[in-house]
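Notes to accompany the following structure.
Since every read-out is calculated from the coordinates, none of them should be taken as a lab result. Since the structure is predicted, the reported quantities are computational estimates derived from the model, not experimental observations. Positions of Cβ are backbone-derived with ideal geometry, glycine not excepted, and every protein chain shown enters the neighbour counts.
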Amino acid sequence: MKARVTVTLKSGVLDPQGKAIEGALKSLGVAGVASVRQGKVFDIELEGADGARAQAALKEAAERLLANTVIENYRVELL
Amino acid sequence: MKSAVVVFPGINRERDMARTLKLVSGVEPALVWHADTALPSGTDLVVIPGGFSYGDYLRCGAIAARSAIMDAVRAHAAKGGLVLGVCNGFQILCEADLLPGVLMRNQQLRFICRDVYLRVERSDTAFTRGYNAGQVIRVPVAHGEGNYIADGETIARLEGERRIAFRYCAPDGIIDPQPMLPPSFGTRARRRPSNRRAEPTRRGMIGA
């Protein structure tokens, strides 16, 4: 089973890397870029086919390692 | 005083930390590998040194904070044992939930390597007792992720519990608005990440 965990900065947390990317996109002349926030994507392959168990494992993975919940949110998707 | 320096893959300041601890305490510290599950018996102080544990993958200090030895460090801290994190060690302590908050990429995206001035807020901690409260000291910093972030409630709690050991200041002691370095629960001290070595001072290892 394939899954994806997406980690993003909480709103209000300053994202200097996103700001720098935003500036670069604007200087490239890419039209219509209002703002950029940088995040992380983890593509994870899971053993077994139990969706509920996979959700629980991914939640644990995100809470315990993939995201720092002081500053980040995460989203779990089974693909 | 018996001290232990924890070594993770990618840490590179454990030798100067060991040298400094030997100079300050007179006793050679134990070097403890991250995969170990126990600290040497009788350890008074655990030091997490600086460097780039696990290549700063995922987030600085995140992977080291989940290694086997950190359970022993947590237990040591819970008993009131001393823990010092310098540089990447400070990031590891934050990631391990031994200290509140998190260190983020510097706002200007610059690696900052320079001397800063700190005002000693407390001289009644194990880490700062060689100083006088109010004294201004000069300390080198070197960090790319040294932007300490915690929510307002956490900052208020740290202030309320007098857990700020040092504050950034101008050379004349005028305070920047940003607080820094609480010795958490009175037993854990931390510095902004620094990769550069300062010579140990007769006043204690905080200058190291």
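Of all aspartates and glutamates in the structure, the ones whose alpha carbon falls short of 20 Å from that of A:K19, not counting any fewer than 8 places away in one chain, are A:E72, B:E145. Apply the a/c threshold of 1.5 to the C-alpha gyration tensor of the protein assembly as shown and tell me whether it is rounded, prolate or oblate. Judged from the Cα gyration tensor, the protein assembly as shown comes out oblate (a/c at least 1.5, b/c at or above a/b). Shown here for chain A: GluC sites (Glu not before Pro) in loop regions (DSSP other than H, G, I, E, B) with at most 13 other Cβ atoms within 10 Å, namely A:E47.
Of all aspartates and glutamates in the structure, those lying under 17 Å Cα to Cα from A:K26, and not within fewer than 8 positions of it along the same chain, are A:D15.
Cα centroid separation, the range B:19-37 to the range B:121-176: 25 Å.
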